[in-house]
């Protein structure tokens, strides 16, 4: 029998414009101020004038200095400084063209560097602004004209790889400052580990990543390619290459062709030469082949000489606290939601920070302290709605020292009671230092790695009572982190040339020692009287190494100075022009600050976006204001289930505790079954409502609740023969409650191993006529027979009122393979069993990369009751079994796309259409934009 093929496209055309934006994420109490310059409008909460001025001034000074290497086009961007979140991040996005800086600095000085955080974001992120401004050319510009900013985003993403965007920005931050990630050994750890292990992955695997092997992200790859290109072919090389690529000169593979055009090398030759330039720096490393699955061990601490406690993470499992006694591991507990895996241990207790989002405001979150009993596994939260980082226990486990970061930039060390988290003392910070990884040196002193206002670092001994600071090392731009105290000795990691090494400071004598360890970079030392442990990054994750603790064999360093300096990794082009090291010479200068009007440019239409989410096929003109508090859209929608066409305008205002929503819609050719006959009508709908999104996530669970209610004023216009019977004007309420609760999800997990979601929708007419409709859907997520298997149980109940005069639209999840209809009463139960099949890690033509093939076996049972005549109600069953073969891929080396082939065998007759009991569907849950 010939099997009909259908095309199902649940999601399309929305990927590249999706950023880290949060709608309505700030409370209305925030008063916004701005510094307005030609290049950027910097918008910030009142009280942050100095940081706002600093960001604007840096951009104004650096922008013209680095334009020759990217282009001179300039369009002003709005940059929001977000100070309510604990996340250290930023982005620049198109659709809309805006940027956000998340202003809480990272504790790990190796991760991104030690420059003042707002300075670092300004010199990195504004390079992305320059990129977007100058990539609006050729075919990318044509897409911009047709589809708006989202069109340019698509054109740029398909022509210029993400490795260039980030590599060029990292080069910029390194070029204009005295640090930058291009000078930090930690930044190259991933590739150094692969080279050391002799893992020569293909270019496509390096670009796309893997679900079975560790692959570094595109930042270091991009820096190496960009740095090599500028070193070998001059500062104008990438300006020429990217102009041609964004223009689609040559149409197919425009970036590769442009590199060939301006370098004379094939793309493969160019990338190999770029890697070889950096690989040669590490030629003395010993090659270690490790083919074990990825397993990362971090932050070891000794409970005794034979017992280590650490955090273990794999691709299959979430981060877990592990106790290892004489080589035998025992899981203590899964770690709660966290920004990183740092923790500290003393006297049978573990303390660490856990993220808790604000109940309502998406840009506000907290880092609360949790105390875990290693022996019992019991865990409590000891601080609430706090922003504490890098907590550490005193030797007796009774007190905690932690870094408190204020939303307005202040930084303090707080001493807390470990039993209840109550504040004991807040240590004065007279020198405005930024503290990282504090540890108790004694009952009266704390030692910490510190950063000064220029971003230079040292090791500081701080008096708890007075706040007086004694610096143990000269300040420098060489990152320092992870101090560990044993007796009078403080062990720590620091950058020295092209390596990160372990050092030890004898605080009592003031002598600095090198531990003389060779090999890969070393971090997170742990010490007992007899043993020294640390972690090294390898091709299969961080690994703990141990040696005998022999301080008598260490070499003292002259001048208490970390040897060497930050390396250039043989990139002389970092120091060729007037932009070199420009950042330190920019003084802190106040700039004119004015009020920012929250109502400014509310209607900001920026993109024309197709969104194919079966059964709805929509084209939308999207609008978002800069503060992301007002969304507006004009849309056209076609519904495949009923065949209707919808025109509409919708808007939402998210700056108040409930979202305020409203809009108007006009729908043509709605249909339903009446007296065994299809009837058609048109509808108009004016609506307004309220919506409250609540985030209850805490501990190990991601939990959300959304309550929404809207009132609709609608009118129907039926075909001529039924106008007298059914033409109505009426009002109805649409009420929805959605709840979801999931545990965290590991990298290989297809779905969370435990979770549930349920949505209740109730529509009821409130004037002119009688009509009700109830729809309840729910899914239960359960573990399967193996770690990455999932059993999903889904249920649904749909019910129309007995006396309904009108028919509300219906989103009931009908049994797969059948033609869906909006019937009087529907019940469904279904089961899906998802499982991975193979991880190919293989690509085609540098375009399509196949990461995983997975399967889904399903059974659906829908029971329907509907009116065969006006008064006769009959029932029918719609059962189907089958399976779906899914292909998890990446296209153009960066865009995740999943598609599949579904076979459904119908166990009952399809009463409303279909072409037989065997149905094959092409499933395309893809994102193009």
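The values are calculated or read from the model by the stated rules, or taken from the named source; none is laboratory data. These figures come from a predicted structure and were not determined experimentally. As a convention, Cβ positions derive from the backbone with ideal geometry for all residues, glycine included, and neighbour counts pool all protein chains shown.
For residue 393, the requirement of being out of contact with any helix residue (DSSP H, G or I) (no Cβ under 6 Å at 6 or more places or on another chain) and in contact (Cβ under 8 Å) with a residue 40 or more places away in the chain is met.
Go through the residues of the range 269-276 one by one and say whether even a single one is over 30 Å from residue 572 (Cα atoms) and free of Cβ contacts under 8 Å to residues at least 24 places away in the same chain. No - not one qualifying residue is present in the range 269-276.
Among the residues of the range 128-151, what is the count of those that are out of contact with any strand residue (DSSP E or B) (no Cβ under 9 Å at 6 or more places or on another chain) and buried (at least 24 other Cβ atoms within 10 Å of the Cβ)? Qualifying residue count for the region: 3. For the range 191-229, filtered to residues that are in contact with a strand residue (DSSP E or B) (Cβ under 7 Å, 6 or more places away or on another chain) and part of a helix (DSSP H, G or I), the residue that is nearest to residue 897 (Cα to Cα) is 208.
Here's the yes/no breakdown for (1) surrounded by fewer than 16 Cβ atoms within 10 Å (Cβ to Cβ); (2) assigned by TED's automatic domain parsing to the domain that holds residue 446; (3) in contact (Cβ under 8 Å) with a residue 12 or more places away in the chain; (4) assigned to a loop (DSSP other than H, G, I, E, B):
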| residue | (1), (2), (3), (4) |
| --- | --- |
| 368 | no, yes, yes, no |
| 371 | no, yes, yes, no |
| 376 | yes, yes, no, yes |
| 384 | yes, yes, yes, yes |
| 388 | no, yes, yes, no |
| 402 | no, yes, yes, no |
| 407 | no, yes, yes, yes |
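Within the range 297-309, residues that are on the phi > 0 side of the Ramachandran plot have Cβ atoms under 7 Å from residues that are assigned to a strand (DSSP E or B) in these pairs: 299/310; 299/311; 299/524, counting only partners at least 6 apart in sequence or on another chain.
When the range 128-151 is filtered for residues that are under 26 Å from the mean Cα position of the chain (by Cα), over 24 Å from residue 69 (Cα atoms) and either outside the structural domain of residue 90 (by TED's automatic domain parsing) or in a helix (DSSP H, G or I) (or both), the ones remaining, listed by number, are 147, 150, 151.
Tell me, yes or no, whether the range 409-416 has at least one residue that is within 30 Å of the chain's Cα centre (by Cα) and buried (at least 21 other Cβ atoms within 10 Å of the Cβ). Looking for residues that are within 30 Å of the chain's Cα centre (by Cα) and buried (at least 21 other Cβ atoms within 10 Å of the Cβ), one finds at least one in the range 409-416, hence yes.
Table: residues versus (1) in contact with a strand residue (DSSP E or B) (Cβ under 6 Å, 6 or more places away or on another chain); (2) over 16 Å from residue 484 (Cβ atoms); (3) modelled with pLDDT under 95.
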| residue | (1), (2), (3) |
| --- | --- |
| 523 | yes, no, no |
| 535 | yes, no, no |
| 550 | no, yes, yes |
| 558 | no, yes, yes |
| 563 | yes, yes, yes |
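For the range 243-261, residues that are assigned to a helix (DSSP H, G or I) and either farther than 30 Å from residue 199 by Cα or not assigned by TED's automatic domain parsing to the domain that holds residue 140 (or both) total 5.
The single condition among (1) buried (at least 23 other Cβ atoms within 10 Å of the Cβ); (2) under 20 Å from residue 499 (Cβ atoms) that residue 195 does not satisfy is (1).
Considering each residue of the range 609-626 in turn, none proves to be farther than 28 Å from residue 32 by Cα, free of Cβ contacts under 8 Å to residues at least 12 places away in the same chain and surrounded by fewer than 18 Cβ atoms within 10 Å (Cβ to Cβ).
Just wondering, is there one or more residues in the range 31-51 that are touching a helix residue (DSSP H, G or I) at 6+ places or on another chain (Cβ under 6 Å), assigned by TED's automatic domain parsing to the domain that holds residue 132 and assigned to a helix (DSSP H, G or I)? So far as the range 31-51 goes, yes, one or more of its residues are touching a helix residue (DSSP H, G or I) at 6+ places or on another chain (Cβ under 6 Å), assigned by TED's automatic domain parsing to the domain that holds residue 132 and assigned to a helix (DSSP H, G or I).
Among the candidates 797, 802, the residue that is free of Cβ contacts under 8 Å to residues at least 12 places away in the same chain and either under 40 Å from the mean Cα position of the chain (by Cα) or surrounded by fewer than 16 Cβ atoms within 10 Å (Cβ to Cβ) (or both) is uniquely 802.
Scanning the range 451-462 for residues that are over 23 Å from residue 556 (Cβ atoms) and assigned to a strand (DSSP E or B) yields 451, 462. Within the range 547-567, being in contact (Cβ under 8 Å) with a residue 60 or more places away in the chain and part of a strand (DSSP E or B) holds for one residue alone: 566.
Only one of the numbered conditions (1) farther than 23 Å from residue 492 by Cα; (2) modelled with pLDDT under 95 is violated by residue 305, and that is (1). Within this structure, residue 111 fails the test of being at pLDDT 95 or above, under 19 Å from the mean Cα position of the chain (by Cα) and either in a strand (DSSP E or B) or closer than 20 Å to residue 43 by Cβ (or both).
Is it the case, given these coordinates, that residue 584 is within 30 Å of residue 48 (Cβ to Cβ) and either more than 34 Å from the chain's Cα centre (by Cα) or at pLDDT 95 or above (or both)? For residue 584, the condition - within 30 Å of residue 48 (Cβ to Cβ) and either more than 34 Å from the chain's Cα centre (by Cα) or at pLDDT 95 or above (or both) - is not met. For the range 568-587, filtered to residues that are in contact (Cβ under 8 Å) with a residue 60 or more places away in the chain and in a helix (DSSP H, G or I), the residue that is nearest to residue 491 (Cα to Cα) is 584. Taking the conditions (1) surrounded by fewer than 20 Cβ atoms within 10 Å (Cβ to Cβ); (2) part of a strand (DSSP E or B) in turn, residue 913 satisfies each one other than (2). For the range 304-351, how many residues are assigned to a loop (DSSP other than H, G, I, E, B) and either under 31 Å from the mean Cα position of the chain (by Cα) or crowded, with 20+ Cβ neighbours inside 10 Å (or both)? The number of residues fulfilling the criteria is 14.
Taking the criterion of being under 34 Å from the mean Cα position of the chain (by Cα) and not in a strand (DSSP E or B), the residues of the range 855-905 that qualify are 892, 893, 894. Can you tell me which residue is nearest to residue 902 (Cα to Cα) among those in the range 829-852 that are assigned to a loop (DSSP other than H, G, I, E, B) and in contact with a helix residue (DSSP H, G or I) (Cβ under 7 Å, 6 or more places away or on another chain)? If we take residues in the range 829-852 being assigned to a loop (DSSP other than H, G, I, E, B) and in contact with a helix residue (DSSP H, G or I) (Cβ under 7 Å, 6 or more places away or on another chain), then 841 is nearest to residue 902 (Cα to Cα).
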